[in-house]
Amino acid sequence: MKKAVLGAAAVATLLAAIFAPEDEGSIVGPATATPRQVERVPAPAIVTAASTAPARSALAIEPRRALDDDEAATLFAKQSWQPETPKKIMLDQQAAQATRTVAAIDPNAPPPMPFQFLGRFVDEGKAAYFLQAGERNVVARPGDTLEERYRFDGVVQGSLQFTYLPLNLKQTLAVGDLN
């Protein structure tokens, strides 16, 4: 059975090759780019009141303008179809204003805390606190120096207390209820 099917397929292929239409003899070569001249269509001799603008060819090709750095930086930025809510815009403006106000009031003020509280772990009566600084996770115990600028002093009334070492100023990070 297999030999009969293979034989029939071979005969069909042979017949298709014999009775195929003849090639015209034209071989298409690779595409080549040739500079084209853009024809300028002359303006009509009769000018009406509605068409006082200069005539422009429909085939005229405008050169692309180069992207500036701001546009290039936002090409692959996260995009959303949702419009920004007025509340989010207002909060962003308030945060920017608060940062400018603090800097204007006291130029020697410490920067905002770079840490976020993730949790804590108690082992044999010693607590370790898990913090996030940017993209890094940090384990802090009282007395540890973090990021060469902060010393973790401990827990005071439900808040983590740090000392900003360059100015020797205390800062706290509110964490809520610590069980």
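The values are calculated or read from the model by the stated rules, or taken from the named source; none is laboratory data. Since the model is a prediction, treat every value here as computed from it, not as a measurement. Virtual Cβ from ideal backbone geometry, glycine too; neighbours counted across all protein chains shown. Protein only, heavy atoms only, side chains kept; ligands, DNA and RNA dropped before computing areas. Shrake-Rupley method; radii C 1.70, N 1.55, O 1.52, S 1.80 Å.
Students often forget the sequence filter, so: which lysines lie under 24 Å Cα-Cα from Lys87 once same-chain residues fewer than 8 apart are removed?
Output for Lys87: Lys78.
What FRET efficiency, computed as 1/(1 + (r/R0)^6) with R0 = 22 Å and r the Cβ-Cβ distance, is obtained for Ala95 and Tyr164, rounded to the nearest 0.05?
0.60
Report the local net charge at Phe152: Lys and Arg +1, Asp and Glu -1, summed over other residues whose C-beta lies under 14 Å from its C-beta.
Details: positive: Arg120, Lys126, Arg141, Arg149, Arg151, Lys170; negative: Asp144, Glu147, Glu148, Asp153.
That works out to +2.
Compare Leu131, Leu169 by solvent-accessible area with a 1.4 Å probe and give them largest first, with all protein chains kept in place.
In descending accessible area the options line up as Leu169, Leu131.
Quick check: with the 1.4 Å probe, what order do Met1, Met90, Met113 take by accessible area, largest first?
Ranked from most to least accessible, the order is Met1, Met90, Met113.
For Ala128, what charge total do you get from the other residues with a beta carbon under 13 Å from its beta carbon, if Lys and Arg give +1 and Asp and Glu give -1?
Neighbour charge sum, excluding Ala128 itself: 0.
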